[in-house]
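Let me begin by presenting the structure, written as structure tokens, before commenting on it.
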Amino acid sequence: MPTIIAAAAVLVIALLPVAAPWLQFVLTLAIAKGFAALGVAVLLRAGLISIGHAMFFAASAYAVAFLARAGVNDLGLLLILSVLGGALVGAVAGSFLVRYRAIFFAMLNLAVSMVFYALCAKLYGVTGGTDGKPVPVPAVFGVVLGEPAFKSVLFYLSLGLMVLVGLAVQRYLNSPLGHALSAVHTNEIRLEYLGIPVWAVLLIAYVVSAALAGLGGAIAGFAIGRVVPDFAFWTASGHLVLIAVLGGIGGVPGAFIGALFLELLHSAAVTVTDSWNLIVGMALIIVIMFMPKGIYGLFARKEATGL
Amino acid sequence: MTHPILEARSLHVSFNGVKAADDVSIAIHDGEFLAIIGPNGSGKTTLLNICTGYIRPRSGNVLLDGHDITRLSPRAIARRGVARAFQIPQLFSAQRVIDNMMLALAGTDGLWSAVQPLETARRRDEARALLDLVGLADDADRISSTLPEGHRKLLDIAVALALKPRLLLLDEPTSGVSALERFPLMEALMAALRQRRITALFVEHDMDVVARYASRVLVWNAGNIMAEGRPDEVFSNAQVRQRVVGVA
């Protein structure tokens, strides 16, 4: 996607809450889900579908809640530590999950995430059970803000992170590691014969994707003000895959485009009818049938290998 | 004679009772261009699979520079300087031709290069030089799946060369390559091998290619070595002419 279009799109998103303040929450949540969908999209490059990435989304959100309760009260520190927490969970789970392929990988991710969900729901004394845990408003660089001001800071911080993290992920996908990741999908044998360890390539990708999902979860936790087990439910994982495919896995912007499209469509549909699922479903069918490369594919059609 | 780079000792391999290697021992020495010929299904590709760690023999050993590599993975053997080009080209079909090359070149670089951009001036120049060598310079920006079969074969060989191997194993390098391109390819390949001091072992069905380029020929038949020697010696063997070359 030409830089100028991307810059204009970011500018429009930045200005939208000025015109319609209610959109701020929707957009923050969309960006949060965009990070998690980007994590899913990273693995999709290797042909691996994870139906369990909501686990990392939830893990980092819970990490924020626990750390805040433990006395950590700085937004930046909470984000960093919670993302590291998500990455750590990703490293542990990924160390054995990346040995599997195709349906086995998808199902094992689902299974592990559902174990995590069950633990979150049942360990009432630790996680608060289905009531979840509150995520208090933290200080920003030592400044204590009211909730409305904090939510504005969170939105613009998320937007800034979307650009910076997006560029970093694009850099990663352009590196030999990123190309090796795509190569896993097409020819794992040749990759081994090049002396490149497929297991390490996939584990790094898995940790990166878990960290991205974790970043999304932390932002969502701050935006909603509470983390509940449903963050990790399998439908949430399926939602992330849907966003990634809908937006298009041909490039980093795809995940965010998909998330913004779906969240805005959902917000608009609920104002029109109670049967909003029907509208969302119809829109999805249209996109999937007529845009095989996702919405991003419309912008990136002429790029042979563009990210 | 110099010491062997690669040595296989008393290999036994069988598939469903059919012997692909029955107490076979071979050695390839520094600077050699060893050809293996034999009927289809006689076990030639199996030998390459064993030497590169893709399959394990039931018994016997493979030594690289005197070190046992029988139980090592293809990756570990590749990192010890053994590259392979396949009978059916093994490429990253969704990626550009030059990306296939640069990824191979990146595989030989250090850890830090893994997070640098794939496309660097050095890698691009090296990749283009190798593509030029095999006659694919004009196809550098094509997606590799769109190449005709012969060109895919050439790219597979170029990818193997990009690993800067000491020993190159080629499985039917001229199959799928047009008759017009066959000898120019072999000339270029031989020049590259000599210039880079690469020892090579190649499985081949084209006897003209074998006669012209092999320094030594090994005739493989039903899991055994039927004959071995210089090309002129082997091709004058009546049994070889009848059973392998197909000339009485």
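The values are calculated or read from the model by the stated rules, or taken from the named source; none is laboratory data. A quick note: this is a predicted structure, and the numbers were derived from the prediction, not measured. All Cβ positions, even for glycine, are placed from backbone atoms using ideal geometry, and neighbour counts span all protein chains on display. Note: accessible area is taken over every heavy atom of the protein model, side chains too, but ligands, DNA and RNA are not part of it. Shrake-Rupley method; radii C 1.70, N 1.55, O 1.52, S 1.80 Å.
In square angstrom, rounded to the nearest 10, how much accessible surface does residue B:3 have for a 1.4 Å probe?
120
Which lysines have a Cα lying under 19 Å from the Cα of residue B:153, excluding residues fewer than 8 positions away in the same chain?
The qualifying lysines are B:44, B:164.
Hey, how many Å between the Cα centroid of segment B:144-174 and the Cα centroid of segment B:175-248?
17
Calculate the FRET efficiency for residue B:242 and residue B:137 from the Cβ-Cβ distance with a Förster distance of 51 Å, rounded to the nearest 0.05. Please list the in-between numbers first.
Working: r = 43 Å, r/R0 = 0.85.
Using R0 = 51 Å, I get an efficiency of 0.75.
Taking accessible area as the heavy-atom solvent-accessible surface of the protein chains with a 1.4 Å probe, which residues of segment A:139-180 lose no less than 20 Å² upon going from the isolated chain to the full protein assembly?
A:171, A:174, A:175, A:176, A:177, A:179
Taking chain A as a Gaussian network, Cα atoms linked when under 10 Å apart, which of A:163, A:42, A:245 shows the biggest mean-square fluctuation?
A:163
Quick one: accessible area per residue over segment B:1-112, 1.4 Å probe, rounded to a whole number of Å²?
42
Please report the antiparallel percentage of DSSP beta bridges with both residues in chain B, rounded to the nearest 5.
Details: 22 of 39 bridges.
If we restrict to bridges inside chain B, about 55 percent are antiparallel.
Under a 1.4 angstrom probe, counting protein chains only, how are B:123, B:152 ranked by accessible area, largest first?
Working: B:123 5, B:152 45 Å².
Final ranking, largest accessible area leading: B:152, B:123.
Nearest 20 debye, what's the magnitude of the dipole of segment B:69-174 about its Cα centre given +1 on Lys and Arg Cβ and -1 on Asp and Glu Cβ?
Dipole magnitude for segment B:69-174 comes out near 560 debye.
For segment A:83-160 and segment B:58-109, what is the separation of their C-alpha centers, rounded to whole Å?
If you average the Cα positions of each part, the centres end up 40 Å apart.
Using 0.36 nm per residue, how much length does the chain from residue B:179 to residue B:65 gain when fully extended, once their Cα-Cα distance is taken away?
On the way: separation 114, 0.36 × 114 = 41.04 nm, distance 3.65 nm.
Length gained, residue B:179 through residue B:65: 37.4 nm.
Can you give the FRET efficiency to the nearest 0.05 for residue A:271 and residue A:122, using r as the Cβ-Cβ distance and R₀ = 25 Å? Let's see the in-between values first.
Details: r = 37 Å, r/R0 = 1.46.
E between residue A:271 and residue A:122, to the nearest 0.05, is 0.10.
About the Cα centre of segment B:18-61, what is the dipole size in debye to 20, counting +1 per Lys and Arg Cβ and -1 per Asp and Glu Cβ, all else neutral? Display every interim value, and only then the final one.
Numbers: 4 positive and 4 negative charges, 53 e Å.
Using only the charged Cβ atoms, the result is roughly 260 debye.
For segment A:3-234, what is the relative contact order in percent, using Cα pairs closer than 8 Å and at least 6 residues apart in sequence? Mind dumping the intermediate values first?
Details: 349 pairs, mean separation 101.5, N = 232.
Relative contact order of segment A:3-234: 44 percent.
Rounded to the nearest 100 Å², what is the sum over both chains of accessible area buried where B meets A, with a probe of 1.4 Å?
Details: alone 11800 and 14360 Å², together 23810 Å².
Result for this pair: about 2400 Å² buried.
Note the count of lysine pairs whose C-alpha atoms are less than 29 angstrom apart in chain A, limited to pairs 8 or more residues apart or on different chains.
Working: A:33/A:122; A:33/A:133; A:33/A:151; A:33/A:293; A:33/A:302; A:122/A:133; A:133/A:151; A:293/A:302.
Total qualifying Lys-Lys pairs in chain A comes to 8.
What list of ³J(HN,Hα) values in whole Hz, one per residue of segment A:136-144 in order, does the Karplus curve 6.51 cos²θ - 1.76 cosθ + 1.60 (θ = phi - 60°) give from phi, with Gly and Pro shown as x?
x, 6, x, 7, 10, 6, x, 9, 8
Counting only the heavy atoms of the protein chains, how much of residue B:187 is accessible to a 1.4 Å probe, in Å² to the nearest 10?
Only protein atoms counted, so the area is about 90 Å².
Go through A:3, B:52 and list them by solvent-accessible area, largest first, probe radius 1.4 Å.
A:3, B:52
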